[in-house]
Amino acid sequence: MSDIYPIAVPKWGIEMVEGTITTWNKSEGDAIAKGDEVFEMESDKIVNVWDSPVDGVLRRVLVAEGDAHPVGALLGVIADAGVTDSDIDAFIAEHGNAPTEPAADNNAQATAQPTVQTGDAYTRSSPSVRRLADELGVDLGTVTGTGRRGRITDEDVKAAIGGTTGAPEGVDVIPLSPIRKTIAKRLTEAKQTIPHFYLTAEYELDGLLTYRAKLNEQDGVKVSVNDLIVWCVAQALIKEPRVNVNLVGDDIHQFSAANVSVAIATDDGLFSATIYAADTKSPAEISAATAELADKAQNGKLTKE
């Protein structure tokens, strides 16, 4: 099997422990020349391209885009066209990327066993997806893959048991990349361990105050400076959607609407009440919504929503 070459997670840097394939530039069956860019991989510090060191054919793609794998993990196989499928299967089994059947233990008591994943479903799923399927007791043979070339993804496994991510309506879930995970971790550590100082600035609000006075000339309208700030914040969030996000676990939840919270002081304490879809409201409508929330807060009628 000297004509078989393993594609493994490279170690780009001393601190690299795993990598995530962001893009496969080649598909199974594609001819590959030495120097061809086969895939792009992201670590917690860099994004790099893996160039093939050999000529051959990409005979196996074993992992899907978006899954993280440790350094040295087998990602695929390059081989000459003349190498048989059975030789490649044996090579993969030898390198630990094929399912193994546990030895029978006649003396063992009956216990819950992980779902054994075999056949085509195995080849269409990554190790992390198979681990998730085992944890959830999902038979990958019953799962339809929605990934590239029919690959089975984490979301496919979760959907098989109705365990979707549960993101609220109007929210796009964006998986956090390894680099952004590291950035988030470092910034959190900085916030918790490094002394901070804060700067304040003064602004001339003559134009804003003039606009407010003009709005308040209308009957029944009483817009405050805070109402205008809420309105401006909402417009800014829509204009810069990358700021209109929450970090939930390893995912970024990007909101399609600008929901802005306002602080309301009551005898029972300070409440944070949310004006939903503030970007769709006029300053006068924001003023009315704030007044309604303040009344509910004062009377103990605010809900969790």
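The values are calculated or read from the model by the stated rules, or taken from the named source; none is laboratory data. Since the model is a prediction, treat every value here as computed from it, not as a measurement. Cβ atoms come from the backbone with ideal geometry, glycine included; neighbour counts cover every protein chain shown.
In region 39-154, which helices (runs of 4 or more DSSP H) lie fully inside it and hold 2 or more residues that are over 30 Å from V173 (Cβ atoms), modelled with pLDDT of 60 or more and not charged (D, E, K, R)? Step through it out loud before you land on a result.
Values: elements: 85-94, 119-123, 127-136.
Those helices (runs of 4 or more DSSP H) span 85-94.
In region 250-269, how many residues are within 33 Å of the chain's Cα centre (by Cα) and free of Cβ contacts under 8 Å to residues at least 60 places away in the same chain? Let's see the steps before the verdict.
Within region 250-269, the first condition is being within 33 Å of the chain's Cα centre (by Cα), and the residues that meet it are 250-263.
Filter again for free of Cβ contacts under 8 Å to residues at least 60 places away in the same chain, leaving 258-263.
Of the residues in that region, 6 qualify.
Would you be able to tell me the number of residues in region 129-145 that are free of Cβ contacts under 8 Å to residues at least 60 places away in the same chain and either within 12 Å of E65 (Cα to Cα) or among the basic types (K, R) (or both)? Explain how you work it out, then say what you get.
We begin by selecting, within region 129-145, every residue free of Cβ contacts under 8 Å to residues at least 60 places away in the same chain; these are 130-145.
This time we only want the ones that are either within 12 Å of E65 (Cα to Cα) or among the basic types (K, R) (or both), so: 130-131.
Final tally of qualifying residues: 2.
Taking V63 as the residue in question, decide whether it is on the phi < 0 side of the Ramachandran plot and surrounded by 16 or more Cβ atoms within 10 Å (Cβ to Cβ). Spell out the reasoning first.
Values: on the phi < 0 side of the Ramachandran plot: yes; surrounded by 16 or more Cβ atoms within 10 Å (Cβ to Cβ): yes.
Yes: the conditions hold for V63.
Which condition number does V47 fail, the rest of (1) among the aliphatic types (A, V, I, L, M); (2) more than 24 Å from the chain's Cα centre (by Cα); (3) under 27 Å from T146 (Cβ atoms) being met?
The failed condition is (2).
Given region 214-305, what strands (runs of 3 or more DSSP E) lie entirely inside it while holding 3 or more residues that are assigned by TED's automatic domain parsing to the domain that holds P175 and exposed (fewer than 15 other Cβ atoms within 10 Å of the Cβ)?
245-248, 260-266, 269-275
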